[in-house]
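Quick notes on the structure that follows.
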Amino acid sequence: MKSSISIEMILLLAALLFVLGIAGVLIRKNIIFMLLSVEVMLNAAGLAFVAAGAHLGQPDGQVMFLFILAMAAAEVSVGLALILQIYHQHKSLDIDQLKEMKG
């Protein structure tokens, strides 16, 4: 069964999600929202891999997506541990306040 959605549309969606993730990292001041934005970027990359693999008829895109999911899980666990430690020490997750405390 042929999909009615073209690969260009899927890659455009992946690019849009990636740009939204970048904007979230650059605009947000809260570390947790920045971590969520990085997750959106990883999912966008995974979507692009799966779309390319489906277009070529190869399972390589799905295999790469599994690696991306494993990496994202590790990143979240380490990231949340660091965030909890930062909050425990500084009682804030605002990037601007943490910069002021550093100097």
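Computed quantities for the displayed model
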item: Among (1) 12.3, 36; (2) 17.3, 61; (3) 13.2, 43, the entry derived from the coordinates for Rg and Dmax of the Cα atoms in Å; result: (2)
item: Over segment 7-102, relative contact order from alpha-carbon pairs under 8 Å, at least 6 apart, %; result: 27 percent
item: Under DSSP loop assignment and at most 10 Cβ neighbours within 10 Å, longest trypsin sites (Lys or Arg not before Pro)-free interval of the chain; result: 3-90
item: MRE, 222 nm, helices only [DSSP H, n ≥ 4, -39500 (n - 2.57), over the chain, to nearest 500]; result: -29000 deg cm²/dmol
item: Cα lying deepest toward the dipole's positive end in segment 13-103, options I22, L69, F33, charges on Cβ; result: F33
item: Chymotrypsin sites (Phe, Trp or Tyr not before Pro) restricted to segment 33-69 and DSSP loop, no more than 15 other C-beta within 10 Å; result: none
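Readers should treat all values here as calculations from the given coordinates under stated rules, not as data from a laboratory. This one's a predicted model, so the numbers in the text were calculated from it and none came from an experiment. For neighbour counting, all protein chains shown are included, and Cβ atoms are generated from backbone atoms with ideal geometry for every residue, glycine included.
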